[in-house]
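Each remark here refers to the structure printed beneath this line.
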Amino acid sequence: MDLVQVYRLYRKMQQYPNVIGLMRSIFLDVLEQRGLMTREGLYARARDEMQKDRVPDTESNRQDYTEALVDTCVAQFLSPTDIENYINLARKKDNAQTLSMVANRDQATTEEILKALREFCDIPKGEVYISREEAEGLRVALITRFISNQLPFISLAKNYITIRDTDGILQNTLFSRRRPGKLGGKAAGMILAHKILLPSLEKKDPELEARIQVPETWYLNSGVFSEFLDRNNLYLFHTFKYKDRDNIEKDFLRIEEQFKFATFAPEVVADFRKILEKIGEHPIIIRSSSMLEDNFGLAFSGKYQSVFLVNQGDLETRLSRFLMGLKKVFASTFGPDPILYRRDHGLLDYDERMAMVVQKVVGRRFGDYFFPFAAGVMFSRNVYAWNPKINKEAGLVRLVHGLGTRAVDRVGSDYPRMIPLSQPTLRPEVTADQIRKYSQRQVDVLNLKTGVLETIDFRSLAAAVNHPDLFYAVSVQNHDHLAAPLFKTQDLAGQELCLTFDNLLTKTPFAQLARTILSRVEAAYGRPVDIEFAWDKDTFYLLQCRSLSVRKEHHKVTIPADVPRENLLFTTNASLSSTVVADLEYIVYVDPRAYDRLPTYEAKMKIAAAVNLLNKQLAGRRYALMGPGRWGSNDINLGVRVTYSNINKTTLLLEIAFAKEGGTPEVSYGTHFFQDLVEADITVASLFPDDPGSFFNEQFVLNSDNLLGTIAPEIKECEECVRVINVPAVRDGQYLHVYMDATTRIGMGVFGPRENGRPEGAQAEMVSQVPHLESEA
């Protein structure tokens, strides 16, 4: 036996004298597992050695001989790497006990937990780990303390977010020195999805590892928000949520003003300055991450602010704009939309706190502009299946060129590319003219010179910017033909270009990668998910992940047959869901033709205000809201500009597009606005009255008694455009029932007796769960 080996082992063990006993216990376990010795054999040999040396058989002597024999066997049979691993395992077990004690102590400070966590993570990871139950207990304690206390999230996250992962996250986290807090829902969802796709302790998929990244990210925990409220005596705003709806909307402007003039503590400002020094002059986005946001079952999609900052100039200028952006996001906690959303979902009494995610914006600089090649949102379930070839379980991507804001908001007469991942090249349009009409025309970019988010005509942008990846984004118009370029070297300057992303889908791994990502994350979550992302330089940047809530939907709805024409309100061949909406008592009809004739912006905004008022007046009634084009669009000429809080009490939202306005495909799928509607169980349908196979009894809604002046006399001036109809009053006690079937894409609005007397022939079969279009996380 080489005595030098034993000496070296002893010297190494003596570096950590407080865990030498634990080391030997671990060594003995390993020697037994490998069949090199047993405890009984060890003790017998120790007695033999003592007899040979004529040493008294005392407990102390037995201990010394036993330990010497263990050390000798370890030095003889274990490799230096094994010895290092097991010494470190003893250290990890010892530090894990300390960390567990501190992390589970209610009175422990953040600094104490971070110190214990750092001491644990300073030990080399090696190839031997603490036990599963030890690790799981620590993971749960750390996730609960720092990330989220939502049990559904914890039960999933503990399988993927390791102790060392948490340490890495917290090294990029700003904590309040005075108030505890967590990272919030948006941060939690992004972190979890990243670790599902690229786990720290398991073998990684080489393709995913090469392609997937998360942008550089810093976190502000919710304690920063709480401390900000305390410092500026803003805490009473927590009672603001109990005001009536009118006062919430009215007083929010005052709240925003007070937040603008509020201040952060000098040491907090110094922390912000350090973050900006690390980031440098690179565009950033400040994203809300409230405790409820992106939660399982509740998405809060688009309820809180996100603020883009170009982050250019000297440090103090950047800091000043950063502080204003933070305060804007903080103030949005008390905005009408999130408060009314919480009220609708029984969450008003929850003490909502706001955390922040500060991320470098994905993209590259082109002159004064900064933007990614593409961005969007993708869903692991696709209810927008316009063709029987589409497999709904394969998912759907909603993709745009530039910043992803145009993918999640309803924007003017602009359209993202809708990509069914089972058939990526399939699209609803057939002819070149249709493809051009329903393609993206505007691109959102950051203007680094003016410091604002700017929308630019794509043709102007393509002419001004020589984007190296344009080959993957466009098709070229040649007479009546539209085709993607064949070669990357092809000169596209001066060509008539259309954003189709055909080459991205056929010549890159994007579509297959998206499908893999969605399937992996959905499998881990055990439910459908949606993911926001950016794509630049052949890299997928994960920005956000939420679970999609599910609801029971009719597998197939049998549309009533042989309905007399006088009992029909409408028929459509554009149904995307299988739903029955029964017993609609009122119809609120915004006449598309009359709305189109309104001469001014102010006049159209009055219609939006009228819809908002009627939504309050008809709360508790089952009513259908029908009107022009694209509800919720930011282009007031294409539809009534409303938000969730303006229409959250309706039961059915019908979008009507006459030929003069141009029929639009169902592209609201995936927007924050659409997600809100589905989450609120509001059925959405489209009607193109001039299309073959469609029918609309326009005379019924135009000639029936208009109750607008009776229900809301203060907006009687709007009755040329807005009509309120009590269906039973004008149909001899009948109600409106709507039947939609996704399989045949047929929908129908029928007058008939109340639900228990459903019109003859109408049937619905309930089966599987189908995802809502909203997200949680």
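The values are calculated or read from the model by the stated rules, or taken from the named source; none is laboratory data. As the structure is a computational prediction, the values presented were derived from the model and not from experiment. As a convention, Cβ positions derive from the backbone with ideal geometry for all residues, glycine included, and neighbour counts pool all protein chains shown. All accessible areas refer to the heavy atoms of the entire protein, side chains included, with ligands and DNA or RNA removed. Shrake-Rupley method; radii C 1.70, N 1.55, O 1.52, S 1.80 Å.
Observations on the model:
- Gain upon complete extension [ASN232, ARG597; 0.36 nm per residue less C-alpha separation]: 126.5 nm
- Heavy-atom accessible area order for LEU3, LEU229, largest first, 1.4 Å probe: LEU3, LEU229
- If you plug the beta carbon distance of LEU315 and THR431 into 1/(1 + (r/R0)^6) with R0 = 56 Å, you get a FRET efficiency near 0.55.
- Principal-axis tilt of helix 132-142 within the chain, Cα atoms, nearest 10 degrees: 60
- For the chain, diffusion coefficient by Stokes-Einstein and Kirkwood Rh (Cα), 10 °C, 1.306 mPa s, µm²/s: 54
- Measuring nothing but how far apart in sequence close Cα pairs (under 8 Å, 6+ apart) lie, relative to its length, the range 443-554 scores a relative contact order of 15 percent.
- When GLU655, GLU454, GLU209, GLU717 are compared by accessible area at a 1.4 angstrom probe, the order from most to least is GLU717, GLU209, GLU454, GLU655.
- For the pair ARG164 and ASP251 in one chain, pulling the backbone fully straight at 0.36 nm per residue adds 26.8 nm over the alpha carbon distance.
- Crossing angle, helix 59-77 versus the chain [Cα axis fit, 0-90 degrees, rounded to tens]: 70
- Taking only the alpha carbons of the range 389-524, we obtain Rg and Dmax values of 15.6, 49 Å in that order.
- Within the accessible area of the chain (1.4 Å probe), percent carbon and sulfur: 48
- Structural descriptor for the range 197-343: relative contact order 25 percent, calculated from alpha carbon pairs under 8 angstrom and at least 6 residues apart.
- If R0 is 51 Å, the Cβ-Cβ spacing of GLN14 and GLU216 corresponds to a FRET efficiency of close to 0.75.
- Heavy-atom surface of the chain, accessible at 1.4 Å and reported per residue (Å²): 42
- Global form of the range 343-400, assessed from the alpha-carbon gyration tensor, a/c cut-off 1.5: oblate
- Rel. contact order, % - alpha carbon contacts under 8 angstrom, at least six apart, the chain: 12
- In this simple spin-label model, placing a label point 7 Å from the Cα along the Cα-to-Cβ direction at both ALA44 and ASP491 gives a separation of 9.1 nm.
- Angle between the chain longest axis and helix 39-52 axis [Cα atoms, degrees, rounded to 10]: 20
- In summary, the lysines within cross-link reach of LYS182, defined as a Cα separation below 19 angstrom excluding same-chain residues under 8 places away, comprise LYS115, LYS158, LYS195, LYS327.
- Whole-angstrom gap from the range 449-499 to the range 128-143, using each part's C-alpha centre: 51
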